[in-house]
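Right, one structure below, let's go through it.
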Amino acid sequence: MYKKLFDPIKIGSLELKNRLIVPAMSTLAATTEGASTEQFIAYHERKAKGGWGLVITEYFGIAPHVGFFPRMLGIWSEELLESHRELTDRVHAAGGKIAAQISHSGRETFIGISDENLAAPSPYRDVEGEKRPRELSVEEIREIVEKYGDTALNLKKAGFDAVEIYAAHGYLISEFLSKYANKRTDEYGGTLENRCRFLLEIVANIRKKVGDDFPVLTRLSTVEYMPGGISIGETRVIAMKLEAAGVDAIDCSQGIFTNSYNIVEPSSMENAVFVDNSEEIKKVVSIPVITAGRINEGNLALSVLEAGKADIIGMGRASLADPDFPNKLREGRLDEIRYCIGCIQGCIGENMRGNNCHCLVNPEIDREYELKITKVGKAKNIIVVGGGVSGCEAAIVAAERGHNVTLIEKDNKLGGLWHVAALPPGKTEFLTFVQWQTKKLKDLNVTVKLNTEATKEMLIGLCADEVIIATGGKPFIPPIPGVDGENVHQANDVLMQNCRLGKNVVVAGGGSVGVETAEYLAMYGHSVTIVEMLDDILNGCERETAMLLRKAIKEYDIPVYTSSKVIKIGSDTVTIERKGKEIVLEEVDSVVIAAGSRPYNVLQSPLEEAGIPVRVVGDSLIVTNGLRGIYDGYMAGYEV
Ligand code: SF4
């Protein structure tokens, strides 16, 4: 059925074995000098083994300190070149092809760039930029053009199969292309013809240095979604000019950092959301067109090819969630695929915190160099208490290592509060992870006891060598006068539709759960007000998800009181304290408490007293997020 996805295709002289590729994504796993590390190499090698037609690395800077992030790949010395040769050799040995992206981040670089390199076509900062860039002189532009060519040549020498010019996402080249960023009046500004000049000079310089046969791709933001930003009409022209200049493929993306949910789309955005943009490019060029954006299933990928909207599918996050995606799809092992759920906690979320790229549903990704599952010499009797996603992960990994594992869950199904987490608008795909874990537990012959409340006596009776406690958290009920009233409900009960609310609702708590619940209620026609103690809502929420939730708050016209504490709940009022003043919200029909959770762990002490070794994971240890909870579960299973 998926045969078309596995038809070979050529990008210039490079033949790909299939149409599924990994676009450039940051891992931040290079050394501070820009060399490949064992971590970085093992990560790419893993994907090559998984069957991807091509893997494109995160960008190589054309010079030191020109990256968005402080850690950036570089290839301006022989030593660096050698480190990357090991990368390409190992990817090739694993049966893969590897291309390298090349970039200068221009003004879009609030973390990683040096002040000296903070430069742009014009001296204006992006909306989200922290510092104002300086304007590049024509002489500097020419030097940068040369450096793009030098970088491409070094990459060719290091054994890469292709290079990709990074002309997207508001970085330097796209700043030249875009009227939003380029206010010049010389030969590099003004008309589209002039705005293309910098990119076309780079293409010509690269071609001169790498020769006609070496494949060169270009990544574009087909639409920037900014006032005055690049439009699809302009990108059609840019793509035609690139083809005429000898570029071998157009890799379509969207957006800039200021609206980065168009670059890394959270789950609340549609699947295959931007394929109409790549279709427009495909209409005007005959070279291959690559598309990307929330294409996380084989059916979706196939439909894009069938509809003629692109020739190649970029599936970056799908490759993090399951590096074996192409092989499993080709072999029809669909129910073994672990799907990307669009949470963005592990990938871009971790990058934005300065960490390596990780994945919530796949704790092994980018840790291949240090996590290697090996069978234990002597199997133990391991009992996992709690069948939420952390507990299931612990049970899976312990069973993979050869232990005899029993999983005890008090509910009638696995997944725990993950089922509730999947209820707000746009989060239903979270459930695919529960499906994957459930199948995996079955395949590994883990004994699953549902509808069973674990007790100390039961666990002693089961002769546990070790117990992993994953009993999760319990909602926190703040001690507010009136909180026990009939008009007051927990956010979880609201999402599960266990209660009916009146028209006017106050949500106490503006974290992710509170705001998602408010959006959910507004969708069902309620008039909602959010009250948050901190000075802003969505504390700890991922940037792109938060951006979309803020948009929803605006669209539904939801009033938000920040720095405000609910101090009393009446039968139809909520009293809040804000900056020393009391405000009474009137005609309130219902109140929803979204004040977070506290760890629930009543078994640890009695078990330890009985001499049974115990590990505590996930929310039952500390309430944070799914990324940490699932990693905790994985590590408990790995170390037990
Ligand atoms: Fe997808 Fe979430 Fe994994 Fe990122 S962390 S790849 S969004 S599942």
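For this structure, a couple of remarks:
- Matching residues, the stretch 406-419, being open to solvent by 10 Å² or more (accessible area, probe 1.4 Å) and aliphatic (A, V, I, L, M): Leu414, Leu417
- Subset of the stretch 620-640 (residues that are within 20 Å of Leu495 (Cα to Cα) and either open to solvent by less than 20 Å² (accessible area, probe 1.4 Å) or modelled with pLDDT of 95 or more (or both)): Gly626
- Note on the stretch 306-325: among residues that are within 16 Å of Phe433 (Cβ to Cβ) and without any contact (Cβ under 8 Å) to a residue 60 or more places away in the chain, the one that is farthest from the ligand (Cβ to nearest atom) is Ala318.
So that you can scan it fast, the table gives a plain yes or no per residue for (1) within 7 Å of the ligand (Cβ to nearest atom); (2) within 25 Å of Thr258 (Cβ to Cβ); (3) β-branched (Val, Ile, Thr):
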{"site": "Asn327", "(1), (2), (3)": "no, no, no"}
{"site": "Gly332", "(1), (2), (3)": "no, no, no"}
{"site": "Asp335", "(1), (2), (3)": "no, no, no"}
{"site": "Arg338", "(1), (2), (3)": "no, no, no"}
{"site": "Ile344", "(1), (2), (3)": "yes, yes, yes"}
{"site": "Asn351", "(1), (2), (3)": "no, yes, no"}
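- Residue count, the stretch 372-395 (criterion: under 19 Å from Leu320 (Cβ atoms) and away from the ligand (no atom under 16 Å from the Cβ)): 2
- Pick from the stretch 496-530, criterion assigned to a helix (DSSP H, G or I) and open to solvent by 10 Å² or more (accessible area, probe 1.4 Å), ranking: nearest to Phe476 (Cα to Cα): Val513
- Criterion (under 28 Å from Ala395 (Cα atoms), of a type in the set (S, T, N, Q) and not assigned by TED's automatic domain parsing to the domain that holds Val420) met by exactly one of Asn498, Asn492: Asn492
- Of all residues in the stretch 297-305, one or more are within 16 Å of the ligand (Cβ to nearest atom) and within 29 Å of Ile238 (Cβ to Cβ).
- For Arg107: the one exception among (1) modelled with pLDDT of 95 or more; (2) open to solvent by 10 Å² or more (accessible area, probe 1.4 Å): (1)
- Those strands (runs of 3 or more DSSP E) of the stretch 1-88 in which at least 2 residues are closer than 25 Å to Glu146 by Cβ, considering only elements entirely within it, cover 54-61.
- Counted residues, the stretch 588-618 - those being under 20 Å from Thr517 (Cα atoms) and either hydrophobic (A, V, I, L, M, F, W, C) or open to solvent by 20 Å² or more (accessible area, probe 1.4 Å) (or both): 10
- Filter result for Asn355 (farther than 21 Å from Ala48 by Cβ and within 16 Å of the ligand (Cβ to nearest atom)): yes
- Taken over the stretch 433-461, the criterion of being open to solvent by 30 Å² or more (accessible area, probe 1.4 Å) and either among the hydrophobic types (A, V, I, L, M, F, W, C) or within 13 Å of the ligand (Cβ to nearest atom) (or both) is satisfied by Leu444, Val448, Leu450, Met458, Ile460.
- Against the test of being more than 19 Å from the chain's Cα centre (by Cα) and of a type outside the set (D, E, K, R), the options Leu407, Leu360 yield a single qualifying residue, Leu407.
- Residues of the stretch 608-621 classified as farther than 18 Å from His358 by Cβ, in contact (Cβ under 8 Å) with a residue 12 or more places away in the chain and outside any strand (DSSP E or B), total: 6
- Test result for Glu368, more than 13 Å from the ligand (Cβ to nearest atom) and part of a loop (DSSP other than H, G, I, E, B): yes
- Residue check: Glu128 meets all listed conditions (1) open to solvent by 20 Å² or more (accessible area, probe 1.4 Å); (2) more than 21 Å from Ser231 (Cβ to Cβ) but one, namely (2).
- Filtering Leu334, Leu305, Leu360, Leu300 for residues that are more than 25 Å from Glu542 (Cα to Cα) and buried (at least 18 other Cβ atoms within 10 Å of the Cβ) leaves a single hit, Leu305.
- Screening the candidates Leu407, Leu360 for the property of being without any contact (Cβ under 8 Å) to a residue 60 or more places away in the chain, touching a helix residue (DSSP H, G or I) at 6+ places or on another chain (Cβ under 7 Å) and at negative phi yields one hit, Leu407.
- Test result for Val584, farther than 30 Å from Gly346 by Cα and in a loop (DSSP other than H, G, I, E, B): no
- Total residues in the stretch 363-385, condition open to solvent by 10 Å² or more (accessible area, probe 1.4 Å) and within 27 Å of the chain's Cα centre (by Cα): 8
- Filter result for Glu193 (farther than 29 Å from Leu153 by Cβ and not aliphatic (A, V, I, L, M)): no
- Scanning the stretch 539-593 for residues that are within 25 Å of Asn625 (Cα to Cα) and in contact with a Lys or Arg (Cβ under 7 Å, 6 or more places away or on another chain) yields a count of 3.
The values are calculated or read from the model by the stated rules, or taken from the named source; none is laboratory data. These numbers were taken from a predicted model, which means no experiment stands behind them. Here Cβ is always computed from backbone atoms with ideal geometry, including for glycine, and neighbour counts include all displayed protein chains. With ligands, DNA and RNA removed, areas are computed over all heavy atoms of the protein, side chains included. Shrake-Rupley method; radii C 1.70, N 1.55, O 1.52, S 1.80 Å.
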